[in-house]
Ligand code: HEM
């Protein structure tokens with residue numbers, strides 16, 4: 001990829017302050033100036049390839065996925081805090097464990113979890129104070145964390161341990177971001193013992209999880225939750241996962257499953273607060289539901305417009321806004337050689353707002369996701385990734401989010417004075433603050 005337009009280290013240095021705050025406008029300017037693929041120099045002989053090309057994204061994630069691995073950003077930097085589970089591993093190790101974790105997320109299995117999920121959502125939504133302005137982001141953070149915790153352990157008496165675990169995962173994410181964005185201080189983070197302090201926190205988290213897992217095994221109770229599925233999973237030689245692996249997979253479900261969902265919910269609820277017409281349509285859809293029915297799946301299947309609002313929310317604000325890969329062998333794309341070790345950063349955020357593919361790309365228009373139009377977007381829409389490493393929890397997340405939006409809009413008319421929500425692109429794309437007034441209906 002020698003011929004690609006290249007952003008020099010000087011240009012990066014010149015823009016360092018705004019890149020640190022929010023690199024997305026810098027990416028956008030370069031895509032507009034140089035086209036769908038460009039390089040950013042990060043060292044004498046090192047560069048990152050940035051792309052929003054739908055063809056290259058499909059090539060890397062699907063057509064030639066075997067030639068690409070997750071980059072060290074996830075397999076080393078993130079893994080040091082959350083361990084080596086399916087999110088942070090590659091190759092045979094990933095394949096083996098993905099085969100063991102995936103069945104827990106099959107649609108049929110999720111049916112058994114819907115009641116736990118729905119009860120948790122109702123409890124969390126009841127904590128919203130009516131007729132008051134509140135920042136919805138921390139509320140959705142707690143909700144999403146509790147949904148994963150209850151779906152894993154189906155226990156209500158471990159609240160204190162779960163709050164501790166939530167604080168640990170959030171503190172470690174903050175540390176990781178500092179390491180990535182302020183890599184020039186990495187020596188200091190190490191020397192001052194800050195990194196070690198956070199690694200110790202991770203171990204505390206593992207200790208809490210181990211205690212809960214041990215209690216489950218000792219109790220000999222057969223439950224129908226995610227932990228039960230992971231405990232039953234077997235390698236080909238019929239042995240179970242070693243405890244350390246099991247703990248890492250659980251830790252990863254917390255990390256991958258709670259923040260992304262909280263972000264998507266917060267952005268979508270903000271968009272609904274701004275677009276009263278769309279909110280009214282969600283309310284009418286929810287009002288038509290048979291609330292006496294115990295069939296939660298049937299209710300979800302009737303909430304089509306609500307689902308479209310979430311899909312549109314994730315188009316405008318994809319929680320996984322950049323997907324990274326590294327070439328593990330030489331490859332070729334449209335006549336260009338992609339040498340081994342090339343790091344590729346695929347901007348889902350840019351692709352989702354690309355004017356060549358989306359009409360009025362910055363406008364919130366859930367209608368574009370109605371069933372007749374939907375297949376047109378497959379090539380340009382990747383909220384859950386694509387190919388064999390596509391999100392394992394995508395159905396889980398959609399059910400959870402549809403139920404949450406429905407429960408909130410059923411009770412409250414959401415309003416906001418904010419014109420634009422300020423984005424905070426960290427490991428995932430977060431909002432800074434989302435003040436919403438919850439007017440009781
Ligand atoms: C709105 C919510 C969510 C979004 C937007 C999202 C997005 C994604 C994306 C884009 C990937 C692929 C990353 C890549 O290819 O590099 C991914 C992977 C993953 N997600 Fe999600 N996710 C969400 C919710 C969840 C939930 C609820 C869980 C579990 C409870 C989960 C567990 C995982 C795991 C374990 C992986 C790694 C899969 C693998 O590499 O085999 N996610 N997610």
What FRET efficiency would be calculated for the residue pair residue 159, residue 107, taking the C-beta separation as r and a Förster radius of 30 Å, to the nearest 0.05? 0.55
What is the distance, in nm, between label points placed 7 Å from the Cα along the Cα-to-Cβ direction at residue 33 and at residue 99? 4.9 nm
Rg to Rh for the range 52-440: what is it, with Cα atoms only and Rh by Kirkwood? 0.95
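Please compute the contact order of the range 52-440 in relative form: average sequence separation of alpha-carbon pairs under 8 Å and at least six residues apart, divided by the residue count, as a percent. Before the final figure, lay out the partial values.
Values: 508 pairs, mean separation 107.8, N = 389.
It comes to 28 percent, rounded to a whole number.
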For q = 0.09, 0.10, 0.11, 0.14 Å⁻¹, what log10 I(q)/I(0) does the range 128-255 give under the Debye formula with an equal point scatterer on each alpha carbon and no solvent? -0.35, -0.43, -0.51, -0.75
For a paramagnetic label modelled at 7 Å from the Cα of residue 336 toward its Cβ, which residues of the range 4-24 fall within the zone defined by backbone nitrogen distances under 13 Å? 4-7
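Calculate the FRET efficiency for residue 217 and residue 131 from the Cβ-Cβ distance with a Förster distance of 60 Å, rounded to the nearest 0.05.
Values: r = 47 Å, r/R0 = 0.78.
Efficiency for this residue pair is about 0.80.
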With bins of 10 Å, the percent of all Cα-Cα pairs of the range 139-207 per bin from 0 is 19, 42, 25, 13, 1
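Which ordering of 59, 106 is given by a fewest-first count of other beta-carbon atoms within 10 Å? If you can, show how the numbers build up before the last one.
Numbers: 59 21, 106 11.
Fewest to most other Cβ atoms nearby, the residues stand as 106, 59.
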Taking the alpha-carbon centre of each part, the distance from the range 296-331 to the range 342-404 in Å is 5 Å
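Against the 2.2 N^0.38 Å scaling, with N counting residues, where does the range 9-65 land? I'd like the Cα-based Rg ratio to two decimal places. Don't skip to the end; give the middle numbers.
On the way: Rg = 12.9 Å, N = 57, 2.2 N^0.38 = 10.2 Å.
Ratio of Rg to 2.2 N^0.38 Å for the range 9-65: 1.26.
Calculate how large, on average over all directions, the projected area of the Cα convex hull of the range 243-295 is; give the answer in nm² to one decimal. Mind showing how you got there, number by number?
On the way: hull surface 22.7 nm².
With every direction weighted equally, the projected area is 5.7 nm².
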Principal axis dimensions, largest first and in whole angstrom, of the range 201-329 by Cα: 54, 48, 32
Equivalent ellipsoid dimensions for the range 36-83 as semi-axes, Å, which come from the Cα gyration tensor, largest first: 22, 18, 9
What shape does the range 78-187 have by the C-alpha gyration tensor, where a ≥ b ≥ c are the square roots of the eigenvalues, rounded means a/c under 1.5, and otherwise prolate means a/b greater than b/c and oblate the rest? oblate
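Compute the Cα gyration tensor for the range 174-236, then decide on rounded, prolate or oblate, letting a ≥ b ≥ c be the square roots of its eigenvalues: rounded whenever a/c is under 1.5, prolate when a/b is larger than b/c in the other cases, and oblate in all that remain. Don't skip to the end; give the middle numbers.
Details: a/c = 4.13, a/b = 2.74, b/c = 1.51.
Judged from the Cα gyration tensor, the range 174-236 comes out prolate (a/c at least 1.5, a/b above b/c).
Quick note: the coordinates plus some simple rules give every number you see, no bench work behind them. Predicted model only: the values in this text are computed from it and were never measured. As a convention, Cβ positions derive from the backbone with ideal geometry for all residues, glycine included, and neighbour counts pool all protein chains shown.
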